[in-house]
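Participant: Got a structure here, written out as structure tokens. Questions coming.
The values are calculated or read from the model by the stated rules, or taken from the named source; none is laboratory data. Computed from a prediction, not measured in an experiment: that's the story for all the values here. Every residue, glycine among them, receives a Cβ derived from its backbone with ideal geometry; neighbour counts consider all protein chains shown.
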Amino acid sequence: MSINGDYAVIGASHDDDNGYCSGSAYIFKRDGTVWYEQSKLLPSDGKEDHNFGYSVSIDGDYAIIGAVGYDDSGWYSGSAYIFKRDGTVWNEQSKLLPSDGEVYKHFGRSVSINGDYVVIGASHDDDNGYCSGSVYIFKRDGTVWNEQSKLLPSDGNEYEYFGRSVSIDGQYVLIGAWADDDNGYRSGSAYIFKQDGDIWTQQVKLLPSDGITCGYFGFSVSIDGDYALIGADGDDDNGDTAGSVYVFKRIGATWSKHVKLLAPDGIEDDLFGWSVTIDGDNVIIGARGADGNEPGSGSAYVFKNISEFQSPSIPSINGPTSGKVRVKYTFLITAIDPNNDYVYYFIDWGDNTNSGWLGPYDSGKVINASHTWLKQGNFNIRVKAKNTMGAVSDWGTLTIKMPRDKTITSSPLLRFLERYPLMQKVLLSLIK
């Protein structure tokens, strides 16, 4: 789904007007507080399994619809269609195909339109290896849309699915590569490209500071003004695949993490961050697996005034740095919220156990947390904090060492026998 002003476009990629899974898209218009269906869009050459409506975007009088299953250049080579509004009628203006179309490219997997430019993801393209992915920029000249540029990441590799998600605003394009592996298998990444005339150049590669294996950072993206939203629906702060969303802010040519968002009531398998959109200071985040009206029916979260969001400080951890196994140790933990909001803590004890979220506590209040380790080794204690708005801090860390158990050998006789093991046989024969 995509919304702009009083218009919204919604894809229905499994619709069957032109055959099984041929697909369609619907235009809705707002009249006061009521949204009514204005038009149903179908491609002029639609047929079964084209999945027209798999991706959609709208800006002003133009809408772009992706048909990832289109097969002009081979099975799932893909295409995209531009529709233009004339009064209350939406007419197909152009069908877009890549200059290097080929089988299984998935051109149209993602789309975004802004002004005279459209961005189209081809997440299964193979320029940098099988399913490495690519993105195409088209520019409008009158009624004609011309391919201007093909974007590839500077460090692309196979199975990264660069282009699974795209978003354009002004001179900037944000592209997700959810299966990139800088922080582990399918930890994910996102890239920002900046326009200079007819040239689009990679400006930065974005990674989460706390990326994890199968975090899927970059599964969804949205950019508006100085803010970029990146969904990581596999993140585990609220449990396995509970999900999270990262907000980055641009200052000059630098993009830095502004805040990390969690669903305030998030639990495992919510997939928070499955979809994201930002418009000005407001953010909507989809959680496809959340238990809305029914288990797994999904839900959406609205965050307002995102520019004012601040995370709690990185928690401080005070306590012993060495100890013995099977002995309980207590640690003092605290974090400060800039807005004096309540704070929750999550403690990873470093031995595959954790506390879950504890709280709420007053900002700055020192809490006690205790744990017992059952084996020797060095354990990295990690603590993060979140507030009631869902803004979460980076990890605070402390390492504790559990020395190896030592066998008591204070007896001179035992030490002598350990040094001269053959004497054990002599002593045993004398005893007998």
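Participant: Here are some residues: Tyr136, Tyr159. Which one is surrounded by 20 or more Cβ atoms within 10 Å (Cβ to Cβ) and more than 24 Å from His258 (Cβ to Cβ)? Write out each step before concluding.
Facilitator: Values: Tyr159 fails: surrounded by 20 or more Cβ atoms within 10 Å (Cβ to Cβ).
Of the residues listed, the single one that is surrounded by 20 or more Cβ atoms within 10 Å (Cβ to Cβ) and more than 24 Å from His258 (Cβ to Cβ) is Tyr136.
Participant: Let me ask something else. Which residues, counting only those in segment 354-383, are farther than 26 Å from Val325 by Cβ and either of a type in the set (Val, Ile, Thr) or part of a strand (DSSP E or B) (or both)?
Facilitator: Trp357, Gly359, Pro360, Tyr361, Val366
Participant: Pick from segment 64-80 the residues that are at pLDDT 95 or above and touching a Leu at 6+ places or on another chain (Cβ under 7 Å): which of them is farthest from Asp100 (Cα to Cα)?
Facilitator: Ile65
Participant: Still on this model: Just the residues that are within 17 Å of the chain's Cα centre (by Cα), part of a loop (DSSP other than H, G, I, E, B) and under 20 Å from Ser2 (Cβ atoms), please, taken from segment 272-297. Break it down stepwise before answering.
Facilitator: Let us first name the residues in segment 272-297 that are within 17 Å of the chain's Cα centre (by Cα), namely 272-278, 283-290.
Remaining after also requiring part of a loop (DSSP other than H, G, I, E, B): 288-290.
Passing the criteria: only Arg288.
Participant: Also, I was wondering about something else. Considering only residues that are in contact with a Leu (Cβ under 7 Å, 6 or more places away or on another chain) and not hydrophobic (A, V, I, L, M, F, W, C), look in segment 10-25 and name the one that is nearest to Ser79 (Cα to Cα).
Facilitator: So, considering only residues that are in contact with a Leu (Cβ under 7 Å, 6 or more places away or on another chain) and not hydrophobic (A, V, I, L, M, F, W, C), the one nearest to Ser79 (Cα to Cα) is Ser24.
Participant: Ala232: outside the structural domain of Gly396 (by TED's automatic domain parsing) and touching a Gly at 6+ places or on another chain (Cβ under 6 Å), yes or no?
Facilitator: So Ala232 passes the test.
Participant: Given the conditions (1) in a loop (DSSP other than H, G, I, E, B); (2) touching a residue at least 60 places away in the same chain (Cβ under 8 Å); (3) surrounded by 15 or more Cβ atoms within 10 Å (Cβ to Cβ), which single one is not true for Lys324?
Facilitator: Checking Lys324 against (1) in a loop (DSSP other than H, G, I, E, B); (2) touching a residue at least 60 places away in the same chain (Cβ under 8 Å); (3) surrounded by 15 or more Cβ atoms within 10 Å (Cβ to Cβ), the one that fails is (3).
Participant: Of the residues that make up segment 38-51, is at least one touching a Lys or Arg at 6+ places or on another chain (Cβ under 7 Å) and modelled with pLDDT of 95 or more? Explain how you work it out, then say what you get.
Facilitator: Start the filter on segment 38-51 by keeping residues that are touching a Lys or Arg at 6+ places or on another chain (Cβ under 7 Å), which leaves 38.
Subsequent filtering for residues that are modelled with pLDDT of 95 or more retains 38.
Taking every residue of segment 38-51 in turn, at least one turns out to be touching a Lys or Arg at 6+ places or on another chain (Cβ under 7 Å) and modelled with pLDDT of 95 or more.
Participant: Within segment 66-97, restricting attention to residues that are under 27 Å from the mean Cα position of the chain (by Cα) and of a type outside the set (Ser, Thr, Tyr), which residue is nearest to His50 (Cα to Cα)?
Facilitator: The qualifying residue nearest to His50 (Cα to Cα) is Gly69.
Participant: So, Asp279, is that one acidic (Asp, Glu), modelled with pLDDT under 95 and under 20 Å from Val245 (Cβ atoms) or not?
Facilitator: For Asp279, the condition - acidic (Asp, Glu), modelled with pLDDT under 95 and under 20 Å from Val245 (Cβ atoms) - is met.
Participant: Hey, among the residues in segment 245-271 that are over 17 Å from the mean Cα position of the chain (by Cα) and in a strand (DSSP E or B), which one's surrounded by the fewest Cβ atoms within 10 Å (Cβ to Cβ)?
Facilitator: Only one residue tops the list, namely Ile251.
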